[in-house]
Amino acid sequence: MMDHGAPIIYDLFGIPGFHLNLSNVLMLTVSALIVFCIGFFSARNLKMKPTGMQNVFEWLIDFVKNIISTTMDWKTGERFFGLGITIFLLIFVSNMVGIPFMIVTAEDHVVWWKSPTADPVITMTFAIMVIVLTHFYGIKMKGLKEYGKDYFRPMPFLFPLNIIGEFANTLTLGMRLFGNLYAKEILLTLLASAGGASIVGFLLAGAPMIAWQAFSIFIGAIQAFIFLMLTMVYMSNKVMD
Amino acid sequence: MGTITWADSLFSLIMFIILLLLLRKFAWGPIMNMMKEREEHIANEIDTAEKNRKEAEQYLEQQKEEINRAREEAQQIIETARKTSEVQGEEILSSARAEAERVKANALAEIEREKDLAVQELREQVGTLSVMIATKIIEKELDEKEQEKLIEEYVKEAGERL
């Protein structure tokens, strides 16, 4: 992984420091397309008696609904449903797309195909977006005064801790996801390079590879679930009394 | 690594928003509508079933009432018939009794009349018979004079008695 480069376009549109990682663009687009296809084909020819994919998607809807309901009442939480299901599906699929294989160009070792969530920029973007949204809805639904007062609860002297907490929440939300997925990618890369190096390596690395891929599926699902859960927990902290 | 790719942030944000809108339009929007519709449908079905059940119960109640009424009516009819028959029987009995009374009275009157007739006849015969007997006795024991006196006396007496 260390000797693998990324397909970066430096200074996009001539803006200094505005770099673009084409791998992330590709993988996010692929993930989003997969999520959209899942949704679109589930919702095609809807029936009163659900069958097949419609059942799956309805189960997903109920799953997200239940998570929201555990943190806040459904009347308040209904507006966050779209955010919840989109973030869950996108992160889940992003976690999954990196598992089966990785595409690296031969001549300059540039990584094209990997989990986009194994990049801290992407995970932090999602984390900051979620935290900004919680603050936005906190102010919108409780008013600026109540929102401000929350920083002095439960005790006024806890104000500095509350401020630190906000940053810590953001950082941990993004970094947890990144860390898990990055570790997954590194180990998969190591096992893959070991397996590809020689016959002995293939024999030795084969079984751990399969085990680690299975575990990666588990990690990916758990991390998507945790991200969704924490999103709703932070949201309810801000919008509920 | 090392360089922060800020454009990725912007791209992923835009991608996220587009995906959210598309999913709402094409995936969970319609599916949730369908779920809501189904919920309503089920609620409606339950309501209808409940209504039907209530109606059936009502009909059953009505039927029961109807049957009870019919039974009461039948009872009433039987009662009336019994009463009528009793009255009629009474009437028949009393008329029969009156008839019997009348027949009996007639018979009694007849008997009285027959008795009177018989008594009269008897008296006549007794008179004749006694005269004949007396004649026979007197023929033997009395003389002419005495006989005549006696006859006269008897005749007189018989004439007084009759």
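Against the definition (within 21 Å of A:GLU185 (Cβ to Cβ), of a type in the set (Val, Ile, Thr), facing chain B (nearest Cβ under 9 Å) and surrounded by fewer than 17 Cβ atoms within 10 Å (Cβ to Cβ)), how does A:THR105 come out, yes or no?
In short, no.
Would you kindly identify the helices (runs of 4 or more DSSP H) lying entirely within the range A:12-83 that contain at least 3 residues that are within 10 Å of chain B (Cβ to nearest Cβ) and surrounded by fewer than 20 Cβ atoms within 10 Å (Cβ to Cβ)?
Those helices (runs of 4 or more DSSP H) span A:22-42, A:52-71.
Just name the residue that is nearest to the other protein chains (Cβ to nearest Cβ) out of those in the range A:108-133 that are over 18 Å from A:ILE217 (Cα atoms) and either more than 17 Å from the chain's Cα centre (by Cα) or among the aromatic types (Phe, Trp, Tyr) (or both).
A:PHE126
Quick one: which of A:LEU144, A:LEU188, A:LEU161, A:LEU133 is of a type outside the set (Gly, Ala, Ser), open to solvent by 40 Å² or more (accessible area, probe 1.4 Å) and in contact (Cβ under 8 Å) with a residue 24 or more places away in the chain?
Testing whether each residue is of a type outside the set (Gly, Ala, Ser), open to solvent by 40 Å² or more (accessible area, probe 1.4 Å) and in contact (Cβ under 8 Å) with a residue 24 or more places away in the chain leaves just A:LEU133.
Condition check ((1) closer than 22 Å to A:HIS109 by Cα; (2) in contact with a Cys (Cβ under 6 Å, 6 or more places away or on another chain); (3) open to solvent by less than 40 Å² (accessible area, probe 1.4 Å)) across all residues:
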site	(1), (2), (3)
A:SER193	yes, no, no
A:GLY196	yes, no, no
A:GLY201	yes, no, yes
A:ILE219	no, no, yes
A:ILE222	no, no, no
A:ILE226	no, no, no
A:MET232	no, no, yes
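Across the range B:2-16, what is the total count of residues that are open to solvent by less than 30 Å² (accessible area, probe 1.4 Å) and touching a Gly at 6+ places or on another chain (Cβ under 9 Å)?
Number of matching residues: 0.
Test A:LYS149 against the criterion of being open to solvent by 40 Å² or more (accessible area, probe 1.4 Å), in a helix (DSSP H, G or I) and more than 10 Å from every other protein chain (Cβ to nearest Cβ), and give yes or no.
yes
Restrict the check to the range A:118-127 and report whether at least one residue is within 17 Å of A:MET235 (Cβ to Cβ) and assigned to a helix (DSSP H, G or I).
Yes - at least one qualifying residue is present in the range A:118-127.
What is the number of the single condition among (1) touching a helix residue (DSSP H, G or I) at 6+ places or on another chain (Cβ under 6 Å); (2) more than 9 Å from every other protein chain (Cβ to nearest Cβ); (3) without any contact (Cβ under 8 Å) to a residue 60 or more places away in the chain; (4) not in a helix (DSSP H, G or I) that A:ILE99 does not meet?
(3)
Out of everything in the range B:17-48 that is more than 7 Å from chain A (Cβ to nearest Cβ) and open to solvent by less than 60 Å² (accessible area, probe 1.4 Å), what residue ends up being modelled with the lowest pLDDT?
B:GLY29
The values are calculated or read from the model by the stated rules, or taken from the named source; none is laboratory data. Everything numeric here is computed off the predicted structure, so don't read it as measured data. Note that we place each Cβ from the backbone using ideal geometry, even for glycine, and neighbour counts take in every protein chain shown. With ligands, DNA and RNA removed, areas are computed over all heavy atoms of the protein, side chains included. Shrake-Rupley method; radii C 1.70, N 1.55, O 1.52, S 1.80 Å.
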